[in-house]
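Accompanying notes for the structure given below.
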Amino acid sequence: MFIRDLIKSNYGRKNSYINNQTEFKRLDSCTHGGLYSTDNNQEIRIDFSSNINPLGISRKVLSTISQNIRNVSITYPDPKCRELRRRISKYLDYNILPECITVGNGATELIHQFVRSFPYRAFIPIPTFCEYELAVRRMGLKIDFVDPLENFQIDNDLMIEKLKKRNNNILFLCNPNNPTGRLTPVEIIKKIIKVAKDKSTLVLIDESFIEFVKNYERNSMISYVMEYDNLIILRSMTKSFGLAGLRLGYLVANPNLITKINLNQISWNVNGVAQIAGIEALNDQDHLVRAKKIIEKEKIRILKAVREKMKGLVAYNSDANFLLIKLKNKDSTWYKEELLKNHGILVRDCSSFRGMSNEFIRIAVKTRSENELLLTALENMEENINN
């Protein structure tokens, strides 16, 4: 309806074609990291722009795929992902039944599916993942952005104040937030959910990075989905289990919400390889445990190195598997291009995040040897800038 009205309103006007093309481009635009975020991807040696498990995919998952690839490839996948949902249910525990889970082709598909199921006006704290905004705009819906505090912490008081003013909305809350890595405590989230419930507002909490958080079970809202009937939890397996190319994510909520969300799900949205990979990944918890140990140790090392040796950079504390860095001397586009051209390192230019300037880049925490190459490159660039 929104696109049709847009075209109709511009019909017959001068430059209408240009106007329409510009609007289509805006609605289809959402900048991400990864190898295909640059035209010079052949220069990439190490990708620090994608925040996935530093160990990549589990060897056990690779073995399972190899053993089953022929049969899986010639068979239609289970459109309801029954076995995978059962395995997710067991993994989550908290007495969450498979009926409380729906699976998607990555977390992003589920964000768009959620908005199609509940086409309401949205609250979005910024800066954050751009797909929330894109999903809402594609439905022609209005957005009320919530500006952050000076340290990029979400302004919870402002958000609650905004929630109290309107009924029938949706709220997106990324926890820990991307790109800041900041975690909102459970007690604050519960307060937000209660206010939202009083105003008939649904709250989608994106926990795509929660499994990288230390003692993450204490900070997840998964166990509250049956207590709050306006709460939806989003999880990504592409990041925590290194399945980015296979695309896998899931939503958890009370069965009534899941039933309505599933009405907007296409058939066979999750391929057979992704389904068996997801099941085996959840069976190999040691892989995630090893990755978390690396992240915890390396995050401390990177922060220390940047703070002690690179005066032109400011590294923020993070609860996730990535770090936000403020640049004092050059802008983010320059840093991204120079790191790629001279060192083969790709970082995330944060200037495309709504609410952020070109003073920030984001880097994933990877293995020690990879992180060492990044730190050496950053230190060399700092020296060149100051000379």
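The values are calculated or read from the model by the stated rules, or taken from the named source; none is laboratory data. Every value quoted in this text rests on a predicted model; they were computed, and no experiment measured them. Reconstructed Cβ throughout: ideal geometry from the backbone, glycine too, with neighbour counts over all protein chains shown.
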* Filter result (within 27 Å of residue 61 (Cα to Cα) and either over 15 Å from the mean Cα position of the chain (by Cα) or modelled with pLDDT under 95 (or both)) within the range 221-237 -> 222
* Asked: Can you name every residue in the range 320-335 that is surrounded by 21 or more Cβ atoms within 10 Å (Cβ to Cβ) and either in a helix (DSSP H, G or I) or touching a helix residue (DSSP H, G or I) at 6+ places or on another chain (Cβ under 8 Å) (or both)?
  -> 320, 321, 323, 324, 325, 332, 335
* To do: Sort out which residues of the range 112-132 are touching a strand residue (DSSP E or B) at 6+ places or on another chain (Cβ under 8 Å) and more than 16 Å from residue 234 (Cα to Cα), and write them in order of number.
  => 120, 121, 122, 123, 125, 126
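Condition check: assigned by TED's automatic domain parsing to the domain that holds residue 224, in contact (Cβ under 8 Å) with a residue 40 or more places away in the chain and not aliphatic (A, V, I, L, M). Does residue 48 satisfy that?
Numbers: assigned by TED's automatic domain parsing to the domain that holds residue 224: no; in contact (Cβ under 8 Å) with a residue 40 or more places away in the chain: yes; not aliphatic (A, V, I, L, M): yes.
It is false that residue 48 is assigned by TED's automatic domain parsing to the domain that holds residue 224, in contact (Cβ under 8 Å) with a residue 40 or more places away in the chain and not aliphatic (A, V, I, L, M).
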* Please work out which one of (1) closer than 30 Å to residue 87 by Cβ; (2) β-branched (Val, Ile, Thr); (3) outside the structural domain of residue 144 (by TED's automatic domain parsing); (4) over 21 Å from the mean Cα position of the chain (by Cα) is the condition residue 294 fails and give its number. => (4)
* Asked: Out of (1) among the hydrophobic types (A, V, I, L, M, F, W, C); (2) in contact with a strand residue (DSSP E or B) (Cβ under 8 Å, 6 or more places away or on another chain); (3) buried (at least 20 other Cβ atoms within 10 Å of the Cβ), the odd one out for residue 61 is which?
  -> (2)
* **Residue match in the range 305-327 (condition: in contact with a Ser or Thr (Cβ under 9 Å, 6 or more places away or on another chain) and either hydroxyl-bearing (Ser, Thr, Tyr) or on the phi > 0 side of the Ramachandran plot (or both))** => yes
* Could you grab me the full set of residues in the range 245-284 that are buried (at least 17 other Cβ atoms within 10 Å of the Cβ) and basic (Lys, Arg)? => 247
* **Unmet requirement for residue 273, which otherwise passes all of (1) outside any loop (DSSP other than H, G, I, E, B); (2) over 19 Å from residue 192 (Cα atoms); (3) under 16 Å from the mean Cα position of the chain (by Cα)** => (3)
* Given the conditions (1) under 20 Å from residue 302 (Cα atoms); (2) touching a residue at least 24 places away in the same chain (Cβ under 8 Å); (3) in a helix (DSSP H, G or I), and given that residue 362 satisfies all but one, which numbered condition is not satisfied? -> (3)
* So which residues in the range 353-387 are surrounded by fewer than 19 Cβ atoms within 10 Å (Cβ to Cβ), under 19 Å from residue 209 (Cβ atoms) and polar (S, T, N, Q), if there are any at all? -> 367
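Could we say that residue 83 is touching a residue at least 12 places away in the same chain (Cβ under 8 Å), in a helix (DSSP H, G or I), farther than 18 Å from residue 260 by Cβ and more than 20 Å from the chain's Cα centre (by Cα) here?
Working: touching a residue at least 12 places away in the same chain (Cβ under 8 Å): yes; in a helix (DSSP H, G or I): yes; farther than 18 Å from residue 260 by Cβ: yes; more than 20 Å from the chain's Cα centre (by Cα): yes.
Answer is yes for this residue.
Out of all the residues in the range 52-59, is one or more among the small types (Gly, Ala, Ser) and in contact with a Leu (Cβ under 7 Å, 6 or more places away or on another chain)?
In the first step, residues of the range 52-59 are kept if they are among the small types (Gly, Ala, Ser); the result is 56, 58.
Those left that are additionally in contact with a Leu (Cβ under 7 Å, 6 or more places away or on another chain): none.
No - not one qualifying residue is present in the range 52-59.
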* Asked: Of the residues 263, 303, which single one is aliphatic (A, V, I, L, M), closer than 25 Å to residue 367 by Cβ and out of contact with any Cys (no Cβ under 9 Å at 6 or more places or on another chain)?
  -> 303
